[in-house]
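The values are calculated or read from the model by the stated rules, or taken from the named source; none is laboratory data. Please read all numbers here as calculations on a predicted model, not as lab measurements. Using ideal geometry, Cβ is built from the backbone for each residue, glycine included, and neighbour counts are taken over all protein chains shown.
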Amino acid sequence: MTIDEIIGYIAALGGVLTVRPGPGDGSPEIAWGDTFFYYAPDGEVPARTQPFATIVTKDYPGDERSRLDRPGTFRVNIAVGAEIFQAWTGHSPRETNTNSDDPSAADTVIAHPVYATAGWLAVVDPGPGTAQAVREMLRTAHDRARSRSRRH
């Protein structure tokens, strides 16, 4: 899967606001080049909420083990919630020890190296081994975000 394929898939889920920070838009420079997805049918970033998925193209402070600085490497991060997280990892998000996963492994579903305890999974360079799973997890994360939005 390419970044553009993932962005297109998420956009087609409906009600999605895609934010791509860059120079001159007031966003922090560290976020430039990355992509953030919110359920926001009104086109406004929702107050007091996190994106339901992100695509990052570089290592963030504290996340250097992911080695996203390799040419062409990116990671899709997905807020799947506790149930899906446990189905993939065999344990609850609260029991996560991210030191046991290789956060740089390509085409592998892993507990997010920083946000696992919040129920996030991640895939570096999704390919044939994870493409269908990534689509399913993105759909789940979108559905969860939509449900949260309707409750508020």
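Worth a mention:
- Screening Thr35 with (1) surrounded by 15 or more Cβ atoms within 10 Å (Cβ to Cβ); (2) at pLDDT below 95; (3) not hydrophobic (A, V, I, L, M, F, W, C) gives one miss only, at (2).
- Just one of the listed residues (Thr73, Thr49, Thr18) is surrounded by 14 or more Cβ atoms within 10 Å (Cβ to Cβ), touching a strand residue (DSSP E or B) at 6+ places or on another chain (Cβ under 9 Å) and farther than 24 Å from Thr140 by Cβ, namely Thr73.
- Yes/no for Ile78 being surrounded by fewer than 16 Cβ atoms within 10 Å (Cβ to Cβ) and within 24 Å of Ile110 (Cα to Cα): no
So that you can scan it fast, the table gives a plain yes or no per residue for (1) without any contact (Cβ under 8 Å) to a residue 60 or more places away in the chain; (2) of a type in the set (Lys, Arg); (3) farther than 30 Å from Gly43 by Cβ; (4) buried (at least 17 other Cβ atoms within 10 Å of the Cβ):
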{"residue": "Asp101", "(1), (2), (3), (4)": "yes, no, yes, yes"}
{"residue": "Ala105", "(1), (2), (3), (4)": "yes, no, yes, no"}
{"residue": "Thr108", "(1), (2), (3), (4)": "yes, no, yes, yes"}
{"residue": "Thr117", "(1), (2), (3), (4)": "yes, no, yes, no"}
{"residue": "Leu121", "(1), (2), (3), (4)": "yes, no, no, yes"}
{"residue": "Asp125", "(1), (2), (3), (4)": "yes, no, yes, yes"}
{"residue": "Arg144", "(1), (2), (3), (4)": "no, yes, no, yes"}
{"residue": "Ser147", "(1), (2), (3), (4)": "yes, no, no, no"}
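- Of the residues making up region 18-48, those that are under 14 Å from the mean Cα position of the chain (by Cα) and more than 21 Å from Thr73 (Cα to Cα) number 2.
- Candidates Arg75, Arg20, Arg48: the one that is basic (Lys, Arg) and at pLDDT below 95 is Arg48.
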